[in-house]
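Below is one structure, written out as structure tokens; the observations come after it.
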Amino acid sequence: MDISAARREVLHLRSEIARHDNLYYREAAPEISDSEYDALARELTRLEMNFPELADADSPTRHVGSDRDARFPSLPHSRPMISLQNSYVLEDVSAFVDRVRRELGRMDIDVTVEPKIDGVALAVRYEAGRLTTALTRGDGKTGDDITNNAKAIRGVLDDLPERWRDAFPARPRSIEVRGEVYLTYSRLQALNSERERDGDDPLANPRNATAGTLKTLDVEVVASRGLEVFFYQVLSIEGETGLATHQDELAALRALNLPVNDFIRVATDGDGLADHLAELDGLRGKLDYPIDGAVLKINDLTVHDRLGATAKAPRWGLAYKFAAEEAETVLRAVTLQVGRTGVITPVAELAPVSLAGSIVARASLHNRDEMTRLDLRPGDTVRVAKGGDIIPKVLGVVIDARPDDARPVIWPDQCPACDADILREEDEAAYRCTNPACPAQVARRLGHFAGREACDIDGLGEKGVVQLLETGLVTHLPDLFHLSRDAVAALPGWGEKSADSLLQGIERAKTRPWSAKIFALGLPGVGVTTASLLARTYRNVFELRSAAQVDLIAMPGLGETTAIKNIGAFLANPRVIAMLDDLVAEGFLRDHEIVEERPSVPADSWFANKTFVLTGTLTRCSRSVAKARIESMGGKVTGSVSRRTDALVAGADPGSKLAKAQKLGVEVMDESAFLARLRDEGVDDED
Ligand code: IVH
């Protein structure tokens, strides 16, 4: 491969990895399994090793993905919260042990083996025995402060037992414990039945449900979900803990009444290691909590520092991921689903088969390329798996079992729902139906609009949406706002009472928080988190509509693709503009929206209570974004420099404000100093 081909590939891999990081960490809606993600990362590492000039500090191979969420204040970690090196084959496990033996110059290395809980990492600090803060991993250096939510997790104690210090030889004053928060399969099932009743999409797996729950702004909701935790690590915030082994560490956690997993074993040799791994693999599917592998750790804590860490993972530990459980079944058909933004998704309709604890009858094939790559033909026997117990996936065809008359699926040129043309955008994997009035799209948009996290319109489930569309009472979204009560009441299965309650729900939608309304509009690529970010930057639809692309790109948490291709193109579409106008006319979108502020600003932020003035041209983030960021950190932005100004942020070609600031002795910072400050405070420009 020549350098320019490698550069293209590196850029492609980087943007794909960034997109999947965003889906996994921020939107809690991954599209690929961990092993597929690791394959992308491995390929990038390989290219960077072959072409070192293409590697730099910003590469995703050099840092862990970020789940930072700007709605929560952030705090630095006491020590970096890194990840673990993943492995999928037993040879990697022996290579790990051999490496440690070589480095320590000893053969007798005890290794602990424990379940790898598939949840969300949490760091909880106790000072003098009282819980003070609980942080998510965030970007590994700073985490989101979710203390209040963490208190609603079963097993996270507010107070440690009285004589807690006795558990540690070094008797530290304060400690930090780290562990994994999770949701049991039975709780998830109960939650999903409830969601189904309410017409909400089910949560794909316990990990996503956990991540989503921890980022909820309503503590009551967190408490109602029944999250639990297993702790596996103790750090002393200052000084040492005096603990000698990981086993001692676990015993200390138990002595503090903190939950610790029961299946943690110590292996003294290779056979023991293999036995314990097999034991854990066998437990999978029998436990009520999700495990996706085993974690191996060198038991002797005193050698951990010596073994050190890379930027992403410690060299004293290894994650061994279990192979996804597989099954074979028959592909009955491939159907095409039309999504809310017109994206056509091929779906494999399967003869129902039992897989990793549930019955699988359908699997998304994602896009046409994937379908073609697999060369699926109805009648084929296919292998299916649940990658990381996420969504079922078709792995491939059992070619020997292919019937003679099996024919490939023909990809249509017209939308299966409305016959409009199907087109593929340049650089996009997706094909889209080009007709925004397509009934399948409108049905999906309406369902999304009414959903709980959007407008939360009770009484408008999937069935109701179909009825409204089929009877022509609604043809596009704004029609909802002038539905006739009598016409609704006359629909089969409805009546005056349910019609009234629907109309009330629709009326109440007008008073939903602005972020919920943005989410409800269904901008492509905009989940709850991004909607909330947009809501705090653009205070109403008029501001949102005039958002410049450079502003969108510079928003923390928005990748370039989401910013330009999705949001930018959506807002520029004449039909969308007409719809937004209609929604303004109906009184749904307004001048004064209800903007939910982030819960609290970190009190120790450098920006807190300071007054800033912006001048000149900012190139990496426009003025409105700079202003939003300052405000999000508790600062204020005013128009003119005075003695009360704390700092002037000066871009290129600053005007008279710079001279005035210099005269008054006001601190002046250029754009990169400003961005560096923001980064110090944990507000990343491109994460
Ligand atoms: S020890 C330096 N032990 O898996 C990281 N992690 O893929 C030390 N995890 O970030 C982590 N179960 O969130 C450890 N028994 C366990 C675990 C565990 C789940 C998570 C954790 C970690 C991730 C790495």
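The values are calculated or read from the model by the stated rules, or taken from the named source; none is laboratory data. Predicted model, so just to flag it, every value in this text is computed and none were measured. Virtual Cβ from ideal backbone geometry, glycine too; neighbours counted across all protein chains shown. We work out accessible area using only protein heavy atoms, side chains counted, and drop any ligands, DNA or RNA first. Shrake-Rupley method; radii C 1.70, N 1.55, O 1.52, S 1.80 Å.
Looking only at the range 610-629, count how many residues are at pLDDT 85 or above and either among the hydrophobic types (A, V, I, L, M, F, W, C) or more than 23 Å from Ala70 (Cβ to Cβ) (or both).
Number satisfying all stated conditions: 5.
How about the range 607-632: which of its residues are touching a Lys or Arg at 6+ places or on another chain (Cβ under 9 Å) and open to solvent by less than 30 Å² (accessible area, probe 1.4 Å)?
If the condition is that a residue be touching a Lys or Arg at 6+ places or on another chain (Cβ under 9 Å) and open to solvent by less than 30 Å² (accessible area, probe 1.4 Å), then Phe607, Thr611, Phe612, Val613, Leu614, Thr615, Gly616, Cys621, Ala628, Ile630, Ser632 are the ones that fit.
Determine, yes or no, whether Leu157 is touching a Phe, Trp or Tyr at 6+ places or on another chain (Cβ under 9 Å), part of a loop (DSSP other than H, G, I, E, B) and either in contact (Cβ under 8 Å) with a residue 24 or more places away in the chain or more than 16 Å from the ligand (Cβ to nearest atom) (or both).
Yes: the conditions hold for Leu157.
Filter the range 285-306 for residues that are open to solvent by 40 Å² or more (accessible area, probe 1.4 Å) and without any contact (Cβ under 8 Å) to a residue 40 or more places away in the chain and give the result.
Lys286, Asp305
Of (1) part of a strand (DSSP E or B); (2) within 16 Å of the ligand (Cβ to nearest atom), Asp305 satisfies all except one. Which?
Only one criterion is unmet by Asp305, namely (1).
With (1) within 16 Å of the ligand (Cβ to nearest atom); (2) under 30 Å from the mean Cα position of the chain (by Cα) as the list, and Val111 as the residue in question, which single condition is left unmet?
(2)
From the list Ala244, Ala267, Ala190, Ala167, pick out the single residue that is touching a residue at least 12 places away in the same chain (Cβ under 8 Å) and farther than 20 Å from Val303 by Cα.
Ala167
When residues of the range 441-463 are filtered for being under 18 Å from Pro492 (Cβ atoms) and buried (at least 22 other Cβ atoms within 10 Å of the Cβ), how many remain?
So the answer is 1.
Which residues, taken from the range 184-218, are open to solvent by less than 70 Å² (accessible area, probe 1.4 Å), at pLDDT 75 or above, among the basic types (Lys, Arg) and over 20 Å from Asp34 (Cβ atoms)?
Lys215, the sole residue that qualifies.
Can Gly119 be described as within 14 Å of the ligand (Cβ to nearest atom), more than 26 Å from Asn299 (Cα to Cα), touching a residue at least 60 places away in the same chain (Cβ under 8 Å) and not acidic (Asp, Glu)?
No: the conditions fail for Gly119.
For the subset of the range 247-263 comprising residues that are touching a residue at least 24 places away in the same chain (Cβ under 8 Å) and within 21 Å of Tyr185 (Cβ to Cβ), which member is nearest to the ligand (Cβ to nearest atom)?
Here the residue is Asn261.
May I ask you to list the residues in the range 634-677 that are β-branched (Val, Ile, Thr) and loosely packed, with under 14 Cβ neighbours inside 10 Å?
Of the residues in the range 634-677, the ones β-branched (Val, Ile, Thr) are 637-638, 641, 645, 649, 666, 668.
Of everything in the range 634-677, just one residue is β-branched (Val, Ile, Thr) and loosely packed, with under 14 Cβ neighbours inside 10 Å, namely Thr638.
Output the residues belonging to the range 461-474 that are in contact with a helix residue (DSSP H, G or I) (Cβ under 7 Å, 6 or more places away or on another chain) and among the β-branched types (Val, Ile, Thr).
Selection gives Val465, Val466, Val474.
Among the residues of the range 474-489, are any surrounded by fewer than 16 Cβ atoms within 10 Å (Cβ to Cβ) and in a loop (DSSP other than H, G, I, E, B)?
Yes - at least one qualifying residue is present in the range 474-489.
Kindly indicate whether any position in the range 505-526 is exposed (fewer than 15 other Cβ atoms within 10 Å of the Cβ), of a type in the set (Phe, Trp, Tyr) and under 33 Å from the mean Cα position of the chain (by Cα). Break it down stepwise before answering.
So the first thing to find is which residues in the range 505-526 are exposed (fewer than 15 other Cβ atoms within 10 Å of the Cβ), and the list is 507-508, 511.
Add one more test, that the residue is of a type in the set (Phe, Trp, Tyr), and what stays is none.
No, there is no match, as no residue in the range 505-526 is exposed (fewer than 15 other Cβ atoms within 10 Å of the Cβ), of a type in the set (Phe, Trp, Tyr) and under 33 Å from the mean Cα position of the chain (by Cα).
Taking the condition surrounded by fewer than 17 Cβ atoms within 10 Å (Cβ to Cβ) and under 29 Å from Ala123 (Cβ atoms), does Glu36 pass?
Yes; evaluated as a whole, the condition is true for this residue.
It is to be established whether one or more residues within the range 36-52 are under 20 Å from Ala150 (Cα atoms) and within 16 Å of the ligand (Cβ to nearest atom).
no
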